[in-house]
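Undergrad: Got a structure here, written out as structure tokens. Questions coming.
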Amino acid sequence: MLLLIPLIPFLGFLINATIGRRWPKSLSGGVATAAMGLSFGVAAMQVWHLWHLEPVHGVRAIEQTVFTWLQSDTLTIPLAFRIDPLSSLMILVITGIGSLIHLYSTEYMHEETDSEFARYFSYLNLFASFMLVLVLGSSFPVMFVGWEGVGLCSYLLIGFYYAKPSAADAGKKAFIVNRIGDFGFILGMLLIFALFGTLNFQDVATAVSQLPTEQHWGLITIATMLLFLGATGKSAQVPLYVWLPDAMEGPTPVSALIHAATMVTAGVYMIGRNAVLFSHAPETLGIVAVVGCVTALMAGTIGLVQNDIKRVLAYSTVSQLGYMFLAMGVGAFAGGIFHLYTHAFFKALLFLGSGAVIHALHGEQDLRKMGGLRKELPITYWTFLIGTLAIAGVPLFSGFFSKDEILWKTYESGHIVLWVLAVLTAFLTATYMFRLVYMAFAGERRGGAGAHGHADAHGHAAAAQGHGPDAHGGGHLHDAPPAMAIALIVLAIGSVAAGYVGVPHVLKGDNRIESYLEPSFVAHGAGAAETAMVTGGEGAPAEHALAAEASAGEHGGSSMEMMLMIFSVLVAGAGILTATYFFKWKPEAADSVAASMSGVHSLLLNKYYVDELYNAIIVQPIKRVSTGVLWKGVDAGMIDGTVNAVGLVVRGWSAVLRRLQTGSVRAYAMSLFVGVVVIVGYYLSAWVR
């Protein structure tokens, strides 16, 4: 039944891509949503079955080989799927949260024509199907099919409104940037096959577990670095993160799907799936941790000053992904996946909440033109607030448990500098998220948002949902319609409850998700080492990846862990108080700070000018070389010049030869006579000699 999990959404794609365009919207949307619901049901059944299996060699797993895909003398690649604790968690996230996003979309996209509506849902189903192939694949090539598939679907969905130049450009940008990372992924995959003669995840883990950990740069380190390059593209890390903020050009539910349940989590999952391989390359893990921490901090500072509600959330996603990579880099694989799981709930909630705001305001996305929405949009406000409390790491909400797990593991592994930067990022997260809440929902309406039927996020004039406000920001706005409200409420419940599967030992919990995921991060099979070594911080002793996580019980009662937990809560509280002061109590103070630090503010507002830098040192030189050398020099000069020269030579000789064809009988007779005289004269002269 594993095949059914990605196959059902794929069938939904086929139906809507063909006959669905002629159906009414209720039917095409219902087919797509039902396909995701059925896929979730099958996934839940398989996870239930997995949970009750007896472990074999310490692991529970179900495998299905559909057919032999590729075969040669040295390589056999079956189209095979595998579900174990890690992939079981992922398929529940993808299908469960994906179903809610599909349900939400049925109302959010209601202004589209029937054919566009069906096209949207066909892409959405295809996206989910490819992501399920990615996480269920038992080998690198099968994963790569899903890996490239979600890249294709991101292009289709980000550029869904292709008539809008910014949306078309954003789709192309996402596609091209990801091709850079995918090139590294392919090279890494080929190097792994050259090293181990297999591309099956379990076989690679077993083979590498027999080898010593590489203390310096070697082939395993190079292979893992190439794989990580692919992860930086898919999961939007420095330096390949620039596509994700521009992905906001797609419909808001697409942003929720990309940021919460599908594409951007692929890189984190890939490292977790190959935990044994990465554990044997401590140099790579160190780079993963540093890149993740730098990305988290950099994106957090940018999010602090953005005014587009969706861009704030986009940079928030980049920052939270950085947290996940930090966890992977310090060997806390379960902690990274735990945060991926909780983040899926509250980030989907936040994006869908922002979509409800945009929907109510007829497409307005500028926070400076919002305000005062708390009373008019109560369901949206309270669910959005729950998501904000979760991402800020407030106790009793899901984000608190997973974020604190990452902070503790980072400190415990000896990466003190990274821990300090991660704590600073937590402060920034609480600050910019509550800034968003206050600017959107608190105070009075500003700028008459939605008063004139602004173009919505996809460039169409959205019809008012009820009666629009007047030019002074008055009037009544309608809250999220039922389909949207149901998705918001369910995700809000998840944003609270999801974290309780990972209550740490220091809080008298047993961290069930950690013990559940542990078997996925070690090698199993004949002769396989039960654990793999990873390196702690600089100067820190090497320690087991599994032992570091399993030892949580030993450290759980330590006063240090409790002190750090309290400190992180105080940091989150400080961020909330900072946002409250500057954006609720004294908004003029925020303006004065921005004016006094205009250089820094401009730097952050323009996103460190990274796009401009890339444009100057990469895009423009490529364009100049393409135009001046490849086009005018090679194409027009050499290739076209050669072809044209041949034509000119033929044309010149033809001009000479055609003069012999005058059409005059006298001229032809004279030439014949002259020819005969020449020939006879030649032979007579020869006879005389």
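Undergrad: So how do D640, D404, D73, D510 rank on accessible area, 1.4 Å probe, biggest first, that is with the largest at the start? Intermediate results must be reported in sequence, preceding the final value.
TA: Values: D640 65, D404 15, D73 160, D510 85 Å².
Sorted descending by solvent-accessible area, the residues read D73, D510, D640, D404.
Undergrad: What are the ³J(HN,Hα) values, in whole Hz, obtained from phi via the Karplus relation 6.51 cos²θ - 1.76 cosθ + 1.60 with θ = phi - 60°, for each residue of the stretch 43-51 in sequence order, with x given for Gly and Pro?
TA: Those phi angles translate into 4, 4, 4, 5, 5, 4, 5, 4, 4 Hz.
Undergrad: Please list, in chain and number order, the residues 5+ apart from S139 or on another chain whose amide H is under 5 Å from its amide H, with Hs placed from the backbone.
TA: Excluding prolines and chain starts, which carry no amide H, the hits are F201.
Undergrad: Given a 1.4 Å probe and every protein chain left where it sits, what share in percent of the accessible area of the chain is carbon and sulfur? Intermediate values should be presented prior to the final figure.
TA: Details: 19140 of 28030 Å².
Accessible surface attributable to carbon and sulfur in the chain totals 68 percent.
Undergrad: Next question. Would you calculate, for the chain, the mean residue ellipticity at 222 nm contributed by helices, counting each DSSP H stretch of 4 or more residues as -39,500 (n - 2.57) and dividing by all residues, to the nearest 500?
TA: Details: 29 runs with 438 residues, N = 689.
Result for the chain, helices only: -21000 deg cm²/dmol.
Undergrad: While we're looking at this one, here's another question. Given 0.36 nm per residue, what is the gain on full extension from L507 to H52 after removing their alpha carbon distance, in nm?
TA: On the way: separation 455, 0.36 × 455 = 163.80 nm, distance 2.79 nm.
Taking L507 through H52 to full extension adds about 161.0 nm, to one decimal.
Undergrad: With θ set to phi - 60° and the Karplus curve 6.51 cos²θ - 1.76 cosθ + 1.60, what are the ³J(HN,Hα) couplings of the stretch 239-254 in order, to the nearest whole Hz, using x for Gly and Pro?
TA: These are the phi-based 3J(HN,Hα) values: x, 9, 8, 5, 6, 5, x, 6, 5, 5, 5, x, x, 4, x, 5 Hz.
Undergrad: Pop out the ³J(HN,Hα) list for the stretch 162-167 in order, Karplus 6.51 cos²θ - 1.76 cosθ + 1.60 with θ = phi - 60°, rounded to Hz; leave Gly and Pro as x.
TA: Values, residue by residue: 5, 6, 8, x, 5, 5 Hz.
Undergrad: Also: Where the centre of each part is set by its Cα atoms, how far does the stretch 662-682 sit from the stretch 1-37, in angstrom?
TA: What the calculation gives is 83 Å, centre to centre.
Undergrad: List the residues whose amide H sits under 5 Å from the amide H of N511, counting only those 5 or more places along or on another chain, with H placed 1.01 Å from N in the peptide plane.
TA: V503
Undergrad: Additional query: Could you report the chain's accessible area per residue, 1.4 Å probe, as an integer in Å²?
TA: Numbers: 28030 Å² over 689 residues.
Ligands and nucleic acids excluded, the figure is 41 Å² per residue.
Undergrad: A further question follows. With no solvent and one equal point scatterer placed on each C-alpha of the chain, evaluate the Debye formula and give log10 I(q)/I(0) for q = 0.06, 0.10, 0.11 Å⁻¹, two decimals.
TA: Log10 I(q)/I(0), no solvent term: -0.38, -0.93, -1.12.
Undergrad: Out of residues 5 or more away from H415 or on other chains, whose amide H comes under 5 Å of its own, with H placed 1.01 Å from N in the peptide plane?
TA: The answer is G537.
Undergrad: Same structure again: In nm, to one decimal, how far is the L657 label point from the A645 one, both placed 7 Å along Cα→Cβ?
TA: Label at L657, label at A645, 2.1 nm between them.
Undergrad: Sticking with this structure for a sec: Just subtract the alpha-carbon distance of I618 and L672 from 0.36 nm times their residue separation and send over the number in nm, one decimal.
TA: Values: separation 54, 0.36 × 54 = 19.44 nm, distance 6.96 nm.
Gain on extension, I618 to L672, equals 12.5 nm.
Undergrad: Are there any trypsin sites (Lys or Arg not before Pro) in the stretch 367-432 that are in a DSSP loop and have at most 16 other Cβ atoms within 10 Å? List them by number. Don't skip to the answer; put the middle values down first.
TA: Numbers: sites: R368, K369, R374, K375, K403, K409; in loops: R374, K375.
Qualifying residues, ordered by number: K375.
The values are calculated or read from the model by the stated rules, or taken from the named source; none is laboratory data. This structure is a prediction, so every number in the text was calculated from the model and none was measured. So basically every Cβ, Gly included, is an ideal-geometry build from the backbone, and we count neighbours across all protein chains shown. When the accessible area is computed, the model is the full protein with side chains, heavy atoms only, and any ligands, DNA or RNA have been set aside. Shrake-Rupley method; radii C 1.70, N 1.55, O 1.52, S 1.80 Å.
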